[in-house]
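Q: Quick one: the structure is below, and I'll ask about it shortly.
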Amino acid sequence: MPQPTASFRCFSGCPGTFPLTQAIYRCPTCDSLLEVAHDLDVLRKTSGAEWRALFDARWAPVSNAAGTPPSGVWTKREWVAPEIPDEAIVTTGEGMTPLYPARRLATELGFGELFVKQCGTTHTGSFKDLGMTVLVSVVNHAMRTGALSVRAIACASTGDTSAALAAYGAAAGLPVVVLLPRGMVSVAQLVQPLAHGAKVLALETDFDGCMAVVRELAKRGLVYLANSMNPLRIEGQKTVALEIAQQLAWTVPDWVVIPSGNMGNAAALFAGFTMAKELGLVDRLPRLCIAQAAKANPMYRAFIAGTDEVTPVVAEPTQASAIRIGNPVSAPRAMAALRGMNGVVEEATEAELADACARADRTGLYADPHTGVAIACARKLRDRGVIAASERVVVVSTASALKFTELKLAYHESKLPDVPTPLANVPVPLPPDVDVVVKNLGG
Ligand SMILES: *Cc1c(COP(=O)(O)O)cnc(C)c1O
Ligand SMILES: [Zn+2]
């Protein structure tokens, strides 16, 4: 196989390319976002059938022996970051997550077939690992070869991004700086980066204030920017689309529903399915549903208004805290995804998302609030007939609900404001008396 290559280019089409090892985050000509361009002519020299066979062989239990790291991302390495050598790869065995057949939930909600892609079962408990393994590996390679010299890799974040960056930085032995808004971060959100030894700086500002500071640090060349405007993250995240197709025996579902905030993940799905189609692994694209929390719904508003212009909103507090984003950085990428995948945008209220989580949990899933947003939106589309009963639907679960224990408890103790809790379930205090226990067994 000839060596495939990839480079950065302007998302709006300005001429010119930049090496992936360059610290560049926006087009120097027009200030647009960047994307990673792959040399498809080289990749096309391998047939679709050959790619399928190669990817399947690498997902086998013995793939470790074949010299490819056992990772959902790096088993697809020619499509992701083809020029990164083995010794620079920083992996935790991310990806290769289950496609859970949610049979009881499907029956309850009227779906013919419903799967949940369990991206939260990966190393740090969210899909952010998939992008971070690529970003940290590229930085590692660039530092080793002298192409890049920075004091640290840095991000502004309150949750899953900082957890993933801190873990991969620690795995690589590279310094990580996390900028958090002081006093707005829960213990659960704080503990992962602290445990991994990241420098956690708590600034007297909000998330946007942290973002402004980290962008200035990156501009001065002091840190490498790991927030999702960096398209390296999208390259790793697009393997979710490839895994879904692979797990369905190289077919695509009719719909993919994904909870979205900054919109990088929606863009990644589009990139992955498009590449799989162009290189002959699948014959069509699924339809896309971008699922938003009603408290943070700028894409939904643009979709309903029928415009490509996303007007920023002030995002309100929501249980789905990772998608509390009022001004999504990847909105232009998501608009392209909606066009290319005949997509729709739907929203879920706090009550709807909490109900979706509770119902899903009753069928054996354990849904985090973001997955709850996606399930609630899928349900609304099904109820309106936009999704037909005969269609095959995949909901992308973006995080492990084990990160959201307080929220689960608050539901079951009926302590969430404005959220009805018909499925609340609390412990029954009883004396240690067999007869009393028998009366309380239920069933
Ligand atoms: C980051 C995140 C999202 C949103 O992803 P975007 O790419 O910003 O749209 C959704 N769910 C969880 C759990 C996340 O951590
Ligand atoms: Zn440009």
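Q: Condition (residue is away from ligand 1 (no atom under 15 Å from the Cβ), of a type in the set (S, T, N, Q) and over 14 Å from the mean Cα position of the chain (by Cα)) applied to segment 264-282: is it met by at least one residue?
A: Looking for residues that are away from ligand 1 (no atom under 15 Å from the Cβ), of a type in the set (S, T, N, Q) and over 14 Å from the mean Cα position of the chain (by Cα), one finds at least one in segment 264-282, hence yes.
Q: For VAL256, work out the one condition from (1) free of Cβ contacts under 8 Å to residues at least 60 places away in the same chain; (2) under 30 Å from THR46 (Cβ atoms) it doesn't fulfil.
A: Of everything listed in (1) free of Cβ contacts under 8 Å to residues at least 60 places away in the same chain; (2) under 30 Å from THR46 (Cβ atoms), VAL256 misses just condition (1).
Q: Since GLN189 meets every condition but one in (1) surrounded by 15 or more Cβ atoms within 10 Å (Cβ to Cβ); (2) away from ligand 1 (no atom under 16 Å from the Cβ); (3) not small (Gly, Ala, Ser), which condition does it not meet?
A: (2)
Q: May I pose another question? Just one of the numbered conditions (1) surrounded by 17 or more Cβ atoms within 10 Å (Cβ to Cβ); (2) away from ligand 1 (no atom under 15 Å from the Cβ); (3) among the small types (Gly, Ala, Ser) is not true of SER157; which one?
A: Result: SER157 passes all but (2).
Q: Which of the following residues is assigned to a loop (DSSP other than H, G, I, E, B) and touching a residue at least 24 places away in the same chain (Cβ under 8 Å): VAL177, VAL139, VAL134, VAL150?
A: VAL150
Q: Scan the helices (runs of 4 or more DSSP H) fully inside segment 328-443 and keep the ones with 3 or more residues being small (Gly, Ala, Ser), touching a residue at least 40 places away in the same chain (Cβ under 8 Å) and under 30 Å from ASP208 (Cα atoms).
A: In segment 328-443, 331-340, 369-383 are the helices (runs of 4 or more DSSP H) which contain 3 or more residues that are small (Gly, Ala, Ser), touching a residue at least 40 places away in the same chain (Cβ under 8 Å) and under 30 Å from ASP208 (Cα atoms).
Q: Only one of ALA276, ALA334, ALA315, ALA322 is among the small types (Gly, Ala, Ser), within 29 Å of ASP355 (Cα to Cα) and at pLDDT 95 or above; which?
A: After ruling out the rest, the residue left standing is ALA334.
Q: Another one. Which count do you get for residues in segment 125-141 that are within 12 Å of the chain's Cα centre (by Cα) and more than 10 Å from THR398 (Cα to Cα)?
A: 4
Q: Only one of these is of a type outside the set (Asp, Glu) and buried (at least 17 other Cβ atoms within 10 Å of the Cβ): LYS76, LYS45. Name it.
A: Answer to the selection: LYS76.
Q: Restrict the check to segment 383-394 and report whether at least one residue is over 25 Å from THR251 (Cα atoms) and modelled with pLDDT of 95 or more.
A: yes
Q: Continuing with this model, one more query. Of these, SER390, SER414, which one is among the hydroxyl-bearing types (Ser, Thr, Tyr) and more than 28 Å from the chain's Cα centre (by Cα)?
A: Sole residue among the options that is among the hydroxyl-bearing types (Ser, Thr, Tyr) and more than 28 Å from the chain's Cα centre (by Cα): SER414.
Q: Same structure, new question: Taking segment 160-174 only, how many residues are surrounded by fewer than 22 Cβ atoms within 10 Å (Cβ to Cβ) and either among the polar types (S, T, N, Q) or assigned to a strand (DSSP E or B) (or both)?
A: The total comes to 0.
Q: Report, by residue number, each residue of segment 288-303 that is assigned to a helix (DSSP H, G or I) and closer than 18 Å to VAL373 by Cα. So that I can check it myself, show each step before the final result.
A: Step one: filter segment 288-303 for residues assigned to a helix (DSSP H, G or I), giving 298-303.
Hits for segment 288-303 are PRO298, MET299, TYR300, ARG301, PHE303.
Q: Within segment 380-390, is there a residue that is among the small types (Gly, Ala, Ser) and either within 16 Å of ligand 2 (Cβ to nearest atom) or under 30 Å from MET275 (Cβ atoms) (or both)?
A: Yes: one or more hits.
Q: Going by the conditions given, is THR75 touching a strand residue (DSSP E or B) at 6+ places or on another chain (Cβ under 6 Å), more than 16 Å from ligand 1 (Cβ to nearest atom) and under 30 Å from VAL150 (Cα atoms)?
A: no
The values are calculated or read from the model by the stated rules, or taken from the named source; none is laboratory data. Not measured: the values here are computed from a predicted model. Here the Cβ is made from the backbone with ideal geometry for all residues, glycine too, and neighbour counts use every protein chain on show.
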